[in-house]
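Please treat every number below as a calculation from the coordinates, not as lab data. Treat the numbers as computed from the prediction; the structure is a model and nothing was measured. For neighbour counting, all protein chains shown are included, and Cβ atoms are generated from backbone atoms with ideal geometry for every residue, glycine included.
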Amino acid sequence: MAQEAVGPPPEETLSLWKREQALLKARVVDQDTEAWQRDPAFAGLQRVGGVDVSFVKGDSVRACASLVVLSYPELEVLYEDSRLVRLTAPYLSGFLAFREVPFLVDAVRRLREKEPSLVPQVLLVDGNGVLHPRGFGVACHLGVLTDLPCVGVAKKLLQVDGLEKDALHRDQTRLLRAGGDSFPLMGRSGAVLGRALRSHDRSSKPLYVSVGHKMSLEAAVRLTHSCCRFRVPEPVRQADIRSRDHIRRTLGGPQPPAPGQERKARGPKAWPEGGPQDPSGEGRTPEAHSPGPRTHPEAPDPGAQER
């Protein structure tokens, strides 16, 4: 039987979340902090990480969190950690990080303890950074708590500070002719909150890239483009594929379809789910996975608008 997540947080919790966001936001660095970030070819960058959370179909309580580390520029998986988790908080617009970040931080901590030589030099996050109602999205939150450079890469435009998918936005999108083309996302306040990026020649739908932590927007856009074999950057795509595979292997379900079918979803804040029937799958040597997109059993993603 499907389990239901808890209801909306009480006002006291919401106030605490707002306070914590404000305190952590003061620690965000929106400039390049590493020499490789300023190099046109990212010389010195060797490891790029990606994170993902996928729902279990028909169950709004359980999900799978995945952290992968890829070599750069080869984009081959060096490390993966997938773990079933128990969702303990509801989705609330603008507070996605409080559902996901605690156990994503745990995944980074496990990597630092087990394979410190494989800790990524940057994390790509399926979500927003400073492109957020309070300027502190999930990519900022994860970056500050892990002290790693982070980039927010969303597939949908979060409509804040007057940003809209209006006629002007559609016209600008049509002018993105080739992979790597982009235009600034300037809010009504005059602040540039990110850039809309055509990530691949064969994909006309832009990604919305924003600063998470310890990296400039210009470098974040260049890195995102350089990591795209398909529309979604490979670190995020591989984390997504492997989180779904872990759900299928652990809980059972249909085999994934042939490459080329669409897939995607994500989930909430969670805590590790223990017990002998819940293999964690953490820190495994990478197994063979299809390079193409896949579909696995999943539930709807209430936080999709923030990705």
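Quick notes
- Karplus (6.51, -1.76, 1.60) ³J(HN,Hα), θ = phi - 60°, over segment 129-136, in Hz, Gly and Pro reported as x: x, 6, 6, 6, x, 10, x, 8
- LEU168 versus SER189: modelled label distance in nm, points set 7 Å from Cα along the beta carbon direction: 1.7 nm
- Distant-in-sequence amide H partners of TYR79 (H built 1.01 Å from N, under 5 Å): VAL69
- Flagged links, alpha-carbon separation over 28 Å, of LYS57/LYS165; LYS25/LYS205; LYS57/LYS155; LYS25/LYS114: LYS57/LYS165; LYS25/LYS205; LYS25/LYS114
- Once you reduce segment 4-48 and segment 54-130 to the center of their Cα atoms, the two points are 13 Å from each other.
- Among LEU111, LEU96, VAL153 - extreme Cα towards positive end, dipole of segment 54-156, charges at beta-carbon: LEU96
- Ordering of 160-170, 209-219 by packing is 209-219, 160-170, highest average first (other Cβ atoms within 10 Å, averaged per residue).
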